[in-house]
1. Please work out which residue is nearest to the chain's Cα centre (by Cα), limiting yourself to the stretch B:75-108 and to residues that are within 14 Å of another protein chain (Cβ to nearest Cβ) and open to solvent by 10 Å² or more (accessible area, probe 1.4 Å).
2. Which one is nearest to residue B:182 (Cα to Cα), of the residues in the stretch B:472-485 that are free of Cβ contacts under 8 Å to residues at least 40 places away in the same chain and open to solvent by 60 Å² or more (accessible area, probe 1.4 Å)?
3. Looking at (1) within 11 Å of chain A (Cβ to nearest Cβ); (2) over 30 Å from residue B:175 (Cα atoms), which is the only condition residue B:40 fails?
4. If we scan the stretch A:45-63, do we find a residue that is surrounded by fewer than 16 Cβ atoms within 10 Å (Cβ to Cβ) and of a type outside the set (Gly, Ala, Ser)?
5. Is it fair to say residue B:134 is among the acidic types (Asp, Glu), within 12 Å of chain A (Cβ to nearest Cβ) and surrounded by fewer than 24 Cβ atoms within 10 Å (Cβ to Cβ)?
6. Please count how many residues of the stretch B:263-286 are over 18 Å from residue B:119 (Cβ atoms) and either touching a helix residue (DSSP H, G or I) at 6+ places or on another chain (Cβ under 7 Å) or of a type in the set (D, E, K, R) (or both).
7. Collect the residues in the stretch A:134-169 that are within 14 Å of chain B (Cβ to nearest Cβ) and either under 11 Å from the mean Cα position of the chain (by Cα) or of a type in the set (A, V, I, L, M, F, W, C) (or both), keeping them in residue-number order.
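The values are calculated or read from the model by the stated rules, or taken from the named source; none is laboratory data. Predicted model, so just to flag it, every value in this text is computed and none were measured. Reconstructed Cβ throughout: ideal geometry from the backbone, glycine too, with neighbour counts over all protein chains shown. These accessible areas exclude ligands, DNA and RNA; they are computed on the full protein's heavy atoms, side chains included. Shrake-Rupley method; radii C 1.70, N 1.55, O 1.52, S 1.80 Å.
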Amino acid sequence: MSEAILRVFRGDANGGEEKEYKVPVEEGMVVLDALHYIQAEYDGDLAVRWNCKAAKCGSCSTEINGKPQLACKSRMDKFPEGQPIRVYPIKAFPVMKDLVTDVSWNYETNKKIPEFTPATDEEFTMYQDDVERIQEFRKCIECFMCQNVCHILRNHDRKDAFFGPRFMIKIAERVMHPMEKIDRREFLKDEAGVGYCNITKCCTEVCPEDIHITDNGIIPLKERVADKYFDPLSWVLRKIKGK
Amino acid sequence: MENYETHTHDVLIIGAGGAGLRAAIESSAQGASTGLVCKSLLGKAHTVMAEGGMAAALANVDPKDDWKTHFKDTIYGGKMLNNWKMPFNHANEAPERVRELEHWGAVFDRTPKGKINQRAFGGHTWKRLAHVGDRTGLEMIRTLQDKGIHTGIDVYMECTITHLIKDGDKIAGAFGYWRESGKFVLFKAKSIILATGGVGKAYKVTSNSWEYTGDGQSMAYDIGAELIDMEFIQFHPTGMVWPPSIRGVLVTEAVRGEGGLLRNSEGERFMEKYDPERMELSTRDVVARSIYTEVKEGRGTPHGGAYLYISHKGADYIKKKLPSMYHQFMEFADVDITKDPMEVYPTTHYIMGGIRVDGDTCATTIPGLYAAGEVSGGMHGANRLGGNSLSDLLVFGKRSGEAAAAYANSVSTNLNIQAEQVEAYANEILAPFSSTDGENPYSIHQDLQDVMGDYVGVFRNKENLEKGIAEVDKLKDRAKNMKIEGSRMYNPGWHLCRDLKSMLMVSEAIAKCALQREESRGAHSRVDFEGYDDEKWGKVNSSINLQGDSMNVTTTPLPEMPDELKSLFTEGS
């Protein structure tokens, strides 16, 4: 059995430092297993969020060797042997303790999105072809790694102005739902800040569910908003109608 | 003692998986002030891992399906030990609950005619499971979460409840701590719904997440509630086997529902020997025992499992219908299931037993205390059919929410919680911080998991069960003095100390009930008592409650079905 070296951030909102641990590696082991080994054998108080250990719940988002990923999905044998594996909390949200961050902003933001509002009380007739594109968005496991790498949130900290990629596709899933009745374009532009996204596609790259967040979600939303607000013909009509 | 927060609600719901969320939505809709507490972040509860679908006789694919057939399938699957009222309500109401979910935003896979599609599953006569690929649980929890946050519920995330509190014989509140800060919190409530799920973490090889530590069962037991049928643990036939770190992770029954075939190392489709009629789609208890037997008799795969083939369905079909399974095997096991077979072996998955509830209201034996979902007992009898859990959560989540809100409305007296009692609970929870010579909770937990796997597993006998009970007893002693490092802030070692107490309680109940029931029925297989004993054991539930300081294990009569329902079983199926 080989041995791996993990350097794990230990600390809280007031700061902290890396701590080194040696962990035996068995076949197929993932970084989350190594963190559990540390808890059981060295530091029982090492804080890490996790639930399913099967890449289905999106709880264990961390930055491993600088790259945001799910700790339960990061195989130890993918890292170069003999080199330390550095495990840090995701950076766009405040550290609570060790690898656990305060992601409550995401939950507050979600609440601002008006719920799905069906156009009918009758049983839905919808075809597979019509729902497939929103089923893609609904694969989201809310790991918030797209929020973590979004420049608007991570580098510019404009959480006041932009809901972030996770909630762009949440809005997209409602906008593109065949039975949805409300027009969300004004909300998208003024509240959710769809215009802030500059399509660098970093969110799409880190998505563990391979959702094409930018191409299939945000760009079509931008187009819809542009059609309403920036189409010259409708601009003229709005002026005439005084709206 | 130190200061602590207090929150007051009409109805407090503990657990925010499918049952808890559905209960909260209903309670709030009834006008009750509703609080919802969860150990994790919202939307991460174990429901998120459900894969195959939710069973409801919508009759979209097989028009002959109806509630009667679903009811019968559930009772046959439960080997006649169900509390009939629950499958009755479940079969009748599941279709409406599923359609309602669609109006709240769930996007199910469709039939060619644009209706909710349904797939085949073990023990179900017709294609009955509404599904979204193999991630139906995620669809359900996200839909309920998004509905719930707009209904005025107060959500308390990452908060662990450690004790339920009564005033006289009535429920009055709950006490616990915030996981982040470690500070204490008291909830005053006129009624409480437990929706805390199962107990799988008492076993090493399990499909369950860390939250499944039997908190609800144990807290209800502590205040005198009756539990039933704890011996019935469902070992799901198909958990992953290799690599070791992933052992026990679920391989959805939808693989078999979509045409997957089980073979042993000799290439034989061995289900022909065990259930020639239903083959791979036999009930879970039968398939699990069959795989276990094949491996034990030397016809297992290199890593000690059975082969599960789906590659004959073609890569496109597999990626569309079973996308999570495709990725799970590719990423964790380096196996491409569109080309090669999976290796599978039984994994601890679900507990059929739980807190005794009324089949209409979900009321427990404690006034004001309700239970819904996996934490309750009676719905699934001795063996649960796949797909019946998700619809169970919806049907009884709603019913419990309704009943708890109505009960809260009827409580006119002021409920009192004694400060000294709260202080005693706080001291109990803080004890591991002051221990100097206590044990590491992680090692006790590992030992418990070994004991349960070794002595209270798929096949049981008197000798092993007695050993298991003695071992659990020793572990209970060791757990009286545990020691932990660090502060109260987000301290998983400390959290484990309380979880362990719950796991020890449910483990004792499982082993003692298993020893008591001298027959084999559903998921409970006694090698020293093979076959059903309908005369004696087919007529009783196992019953557990706290008497003084010790666990009282006995039997109670099984609720009798009315004649018009009984006739469904004599008309021929």
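1. Going through the stretch B:75-108, the residues within 14 Å of another protein chain (Cβ to nearest Cβ) turn out to be B:95-108.
Right, trim to open to solvent by 10 Å² or more (accessible area, probe 1.4 Å) and you get B:95-97, B:99-100, B:103-104.
Working: B:95: 21, B:96: 23, B:97: 19, B:99: 23, B:100: 23, B:103: 26, B:104: 24 Å.
That would be B:97.
2. It comes out as B:485.
3. (2) is the only condition that residue B:40 fails.
4. No, the conditions are met nowhere in the stretch A:45-63.
5. Criteria not met by residue B:134.
6. The total comes to 14.
7. Within the stretch A:134-169, A:134, A:137, A:140, A:141, A:142, A:143, A:144, A:147, A:166, A:167, A:169 meet the criteria.
So that you can scan it fast, the table gives a plain yes or no per residue for (1) open to solvent by 40 Å² or more (accessible area, probe 1.4 Å); (2) among the small types (Gly, Ala, Ser); (3) part of a loop (DSSP other than H, G, I, E, B):
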{"site": "B:525", "(1), (2), (3)": "no, yes, no"}
{"site": "B:532", "(1), (2), (3)": "yes, no, yes"}
{"site": "B:538", "(1), (2), (3)": "no, yes, no"}
{"site": "B:543", "(1), (2), (3)": "no, yes, no"}
{"site": "B:554", "(1), (2), (3)": "yes, no, no"}
{"site": "B:560", "(1), (2), (3)": "yes, no, yes"}
{"site": "B:566", "(1), (2), (3)": "yes, no, no"}
{"site": "B:569", "(1), (2), (3)": "no, no, no"}
